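Report on the following structure.
The values are calculated or read from the model by the stated rules, or taken from the named source; none is laboratory data. No experiment lies behind these values; they were computed from the predicted model shown. Using ideal geometry, Cβ is built from the backbone for each residue, glycine included, and neighbour counts are taken over all protein chains shown.
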Amino acid sequence: MNTKWIVPLEAAGPRDRPRIGGKGYALYRLLSGGFRVPEAVCVTTALYRAYLRRTGIGERILMELNRKQFKDLRWEEIWDSALRIRSLFLRKELPQALEGPVKKALHARFGDSPVAVRSSAPEEDAAAVSFAGLHESFLNVCGAEAIIDSIRKVWASLWSDAALLYRQELKLGVDKSAMAVLVQQLVTGRASGVAFSHNPVNPAQGVVEAVHGLNQGLVDGAVAPDRWLIDRQRRRIVGHTAAERRQWAVADPSGVRLEALPSALQSKTPLDDAEVRQVFDLALAAQDHFGSPQDVEWTFAERKLHLLQSRPITSGREAAEGDQRGWYLSLKRSFENLKELRDRIENELIPAMLAAADELVALDPGRLDDAALAAEIRRRSEINSHWVSVYWAEFIPYAHGVRLFGQVYNDSVHPEDPYEFLTLLGQTPMAGLERNRLIDEMAALVRATPGMAAALQAGEPPAAPLAAKLAAFIDRFGDLSCPASGARHCTERPETLINVILQLAAHPPSHPQAAPGARAEDLKVAFLARFSGAERRRAEEMLDLARSSYQLRDDDNIHLGRIEARLTAALQEARRRLAPRIPDDAAEIDPSELLLALENPAHQLRAQPLAAKATAPAPVRTLRARQLVGQPAGPGIARGPARVILTPADLAAFEAGEILVCDAVDPNMTFFAPLSAGVVERRGGMLIHGAIIAREYGLPCVTGVPDATGLIETGDDLTVDGFLGIVTVATGRL
Amino acid sequence: MSPDDGWDSPSATPATLRKSGTHASSQIRALLKTLFDEQRLAVLATHQDGQPYATLVAFGADEDLATLYFATPRATRKFANLSADPRVALLVNNSANQPEDIHRAMAATATGRAVELEGPKRAAYQARYIARHPHLEEFVRSPSCALIAVAVKRYVLVRRFQTVLELRISP
């Protein structure tokens, strides 16, 4: 059965490393050295290459990765690229000529007994080893067909978001990279773990870590292990740190699941001292065999110690300054972690945030004396900073719930559109939509009241019934004049809000399409039908979590916007009071200046003078973008004049039917969605606010357009193709 | 194909451009010049009473990109077509007729007006034409062969499958 495609471990030879990969090769060497390793075969890199060539996926990956310069991609876009590449592997089966012999060989070797399917990249012991968990593994896979499905997913993980982030270190390239796959008999141990022949932080010691059950939980970081330190010289245990043993990883039809640890095991260490020494000896033997300190994975099954994997110990990677990649990858959370996060967000953080906003609304800064107002501004600024940091630490990571669901959905449904899962998540009651509904109400009032629109246009203050609604709205959501996070300056009159009301009064839009609701239900039924029993319950839970995560993606910013609006209100009160002391040509005043002036009547206010209006004629645009490429983020096609938003004030001129072009759709801009014909955004990603709102309103949307606001000018005649993700500018006659 | 399969190649993209930025437009000009130096053939588009007609021509380009030139016998359809309507387009590209062209290849379309060169101008361009296409010396020297200059109005440059920039050469 030693073929071009499949090499059994026992039939491998010293020259097979490039075709069976690092992990396979290490196991071949261990087997030759007499170690007890699970029975295994290696699926060669030749099969990966043949599959890529025959299915055309190789070129598809190149097209995906060359859409834009890679350095212009945000992590979210890289994640999106990885999702689309993975979808190619999921949907393209092995061509018949390849599948036949591979299936036969796998069936002959493993029948229906459970196996582990693991990545074995040829580069693995070099660079990739320092990025543990870069590629995927699947446990408890049964039958040749399921094994081949898992092999395709392992192949896809050569192009995971993490791999793409570290592409330079990994020397990742379509022409030069390939993936071998190890198919290994699953050894279901009663206790498992890892061991280091050499403690990376103390060379005189070795380390053994162990958990009850499978070691998947430990490797993922989901289950904390018991930890022993061993004196290398005397082979003596010199330290033991017991874990809080609450969960263990057990095999289930979907692979591996975390379960509560039976109480009898909770009080029991996974290994006794003799076993700890036995594991440590195994690590030492592996070190002797390879001639360098080793990091081994092992399991005890039927009283026998099995060696699952051995690789050289590498020192932890020190992230260079400014290297954000570790943070991005930390955003990928496990389902269990996301469930805890959800509980905290829904039951503690959001209620606390709403209470904070309510408390601030109740306190009118107009009633405070100057000193108290200064103190109040400081207090609001602190409250605001606190919630901004909560936003980054808790809310942003929670967004991964959507991505995790997307992967589960695609893995089980294999949809043609890798973003079909978003359809299941829409139609959730989002605060942003509620806000838009209130704006609609005010627009309807203006439409129904003769003369009101004209009065507002003339700059008159809003009449009584509208004024009351406006005040209530501003209390709840702010006046929409400043971006939700990181605002430094906002306009002082709700011109933007009045503009949007006037626009809506003149052009009542046809509102969110109701159609997706029924479709979402169909998709949900089809998705859940792929699972049964406990797996189905887990799939339901995952969908529920994803919906909550999707909803929070918009709501958190609205809540944050409310708190920020209260800080702005206090600052505006300060500006109003200090108006006589502010120079006429002042454009921007730093809040710290306002505080100084409030506290000290003698303080001379310093302000940035207004920038002189540029009057030079616009230069002839010799170089123009004719067509720009981004990501299709909302299906549909639209044509209209561009409205480029560089500052929040630009929104005040927004007219119905225009195409919103911006760096990033701020959640406080989303109320323009019903008025716009389409959305173009520099910031990329399928799951960003702009894309979510555009989908909600059925607007064509393209995100991730490099330098959109620099290359497109207000008034340019744009066509937004939300199917292909391209934006075309009418540049006139040839 | 570049050694690193083009992925991450440092060539100019819209991200590095700023409107009215001469720097960016000089990058695009450099890119076009390299393309024209490397390529020997262009596709010429003319029309006969509205019926489009495409042909291959051996071409050359001026340093300043304002003129593209090629030779054609006067009895050809293309010559008749461009004599009747001087509005033409030329396409130059570096595709290799392989699947990877889609992400790797670059194509430039020039639009402008064709005029037959005469007198000293013809002599000057003919010398340059022969320097660039020495094997076509007899062809271009033939009394029946016209040397055509196209005064370019626009270049439309396509890269990365669908990224398109437009460079304005004359109004």
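The residues of the range A:72-87 that are more than 7 Å from chain B (Cβ to nearest Cβ) and either touching a strand residue (DSSP E or B) at 6+ places or on another chain (Cβ under 7 Å) or of a type outside the set (A, V, I, L, M, F, W, C) (or both), listed by number, are A:Arg74, A:Glu76, A:Glu77, A:Asp80, A:Ser81, A:Arg84, A:Arg86, A:Ser87.
The set of residues in the range B:105-137 that are under 14 Å from the mean Cα position of the chain (by Cα) and assigned to a loop (DSSP other than H, G, I, E, B) contains only B:Met106. Taking B:Lys33 as meeting all but one of (1) at the interface with chain A (Cβ under 8 Å from one of its Cβ atoms); (2) at pLDDT 90 or above, write down the number of the exception. (1) is the only condition that B:Lys33 fails.
Apart from one condition, B:Thr46 fits all of (1) surrounded by 15 or more Cβ atoms within 10 Å (Cβ to Cβ); (2) within 13 Å of the chain's Cα centre (by Cα); (3) in a strand (DSSP E or B); (4) not aromatic (Phe, Trp, Tyr); the exception is (2). Listed by first and then second residue, the pairs linking a residue in the range A:252-264 that is of a type in the set (A, V, I, L, M, F, W, C) to a residue that is buried (at least 19 other Cβ atoms within 10 Å of the Cβ) and assigned to a loop (DSSP other than H, G, I, E, B), with Cβ atoms under 8 Å apart and 6 or more places separating them unless they lie on different chains, are A:Leu258/A:Val223; A:Leu261/A:Arg245.
May I ask you to list the residues in the range A:409-434 that are more than 19 Å from A:Gly685 (Cα to Cα), modelled with pLDDT of 90 or more and assigned to a helix (DSSP H, G or I)? Selection gives A:Asp411, A:Ser412, A:Val413.
Which one of A:Asp585, A:Asp556, A:Asp590 is of a type in the set (Asp, Glu), more than 35 Å from the chain's Cα centre (by Cα) and either surrounded by 14 or more Cβ atoms within 10 Å (Cβ to Cβ) or modelled with pLDDT under 85 (or both)? After applying the criteria, what remains is A:Asp585. Restricted to the range A:655-674, and to residues there that are farther than 12 Å from A:Ala691 by Cα and surrounded by fewer than 24 Cβ atoms within 10 Å (Cβ to Cβ), the residue that is modelled with the highest pLDDT is A:Glu658. The one condition from (1) within 9 Å of chain B (Cβ to nearest Cβ); (2) more than 11 Å from A:Ile637 (Cβ to Cβ); (3) in contact (Cβ under 8 Å) with a residue 12 or more places away in the chain that A:Leu734 does not meet is (3). Taking helices (runs of 4 or more DSSP H) as the structural unit, those lying wholly within the range A:234-336 and holding at least 3 residues that are more than 20 Å from A:Asn215 (Cβ to Cβ) and not assigned by TED's automatic domain parsing to the domain that holds A:His212 correspond to A:325-330. Name the residues in the range A:676-719 that are among the β-branched types (Val, Ile, Thr) and more than 14 Å from chain B (Cβ to nearest Cβ), would you? Of everything in the range A:676-719, those that are among the β-branched types (Val, Ile, Thr) and more than 14 Å from chain B (Cβ to nearest Cβ) turn out to be A:Val679, A:Ile688, A:Ile692, A:Ile693, A:Thr703. Taken together, A:Ala708, A:Ala652 contain a single residue that is of a type in the set (A, V, I, L, M, F, W, C) and within 23 Å of the chain's Cα centre (by Cα), which is A:Ala708.
Against the definition (surrounded by fewer than 16 Cβ atoms within 10 Å (Cβ to Cβ) and in contact with a helix residue (DSSP H, G or I) (Cβ under 7 Å, 6 or more places away or on another chain)), how does A:Ala443 come out, yes or no? The answer is no for A:Ala443.
Residue count for the range A:154-209 under the criterion of being within 19 Å of A:Pro312 (Cα to Cα), in a loop (DSSP other than H, G, I, E, B) and either among the aliphatic types (A, V, I, L, M) or in the same structural domain as A:Ala26 (by TED's automatic domain parsing) (or both): the result is 2. Kindly provide the set of residues from the range A:713-734 that are outside any strand (DSSP E or B), surrounded by fewer than 24 Cβ atoms within 10 Å (Cβ to Cβ) and on the phi < 0 side of the Ramachandran plot, ordered by number. Those that are outside any strand (DSSP E or B), surrounded by fewer than 24 Cβ atoms within 10 Å (Cβ to Cβ) and on the phi < 0 side of the Ramachandran plot: A:Glu713, A:Thr714, A:Asp716, A:Phe723, A:Leu724, A:Ala730, A:Thr731, A:Arg733, A:Leu734. Screening the candidates B:Arg77, B:Arg87 for the property of being surrounded by fewer than 20 Cβ atoms within 10 Å (Cβ to Cβ), away from every other protein chain (no Cβ under 14 Å), charged (D, E, K, R) and free of Cβ contacts under 8 Å to residues at least 40 places away in the same chain yields one hit, B:Arg77.
Yes or no: A:Ala526 at pLDDT below 85 and small (Gly, Ala, Ser)? Against the criterion (at pLDDT below 85 and small (Gly, Ala, Ser)), A:Ala526 does not qualify. Between A:Pro253, A:Pro225, the distinction of being within 30 Å of A:Glu123 (Cα to Cα) and of a type outside the set (A, V, I, L, M) belongs to A:Pro225 only. Just one residue in the set A:Val279, A:Val207, A:Val223 is under 30 Å from the mean Cα position of the chain (by Cα) and either within 26 Å of A:Leu27 (Cβ to Cβ) or crowded, with 17+ Cβ neighbours inside 10 Å (or both); that residue is A:Val223. The residue of the range B:154-171 that is farthest from A:Leu711 (Cα to Cα), among those that are within 7 Å of chain A (Cβ to nearest Cβ) and part of a strand (DSSP E or B), is B:Arg154.
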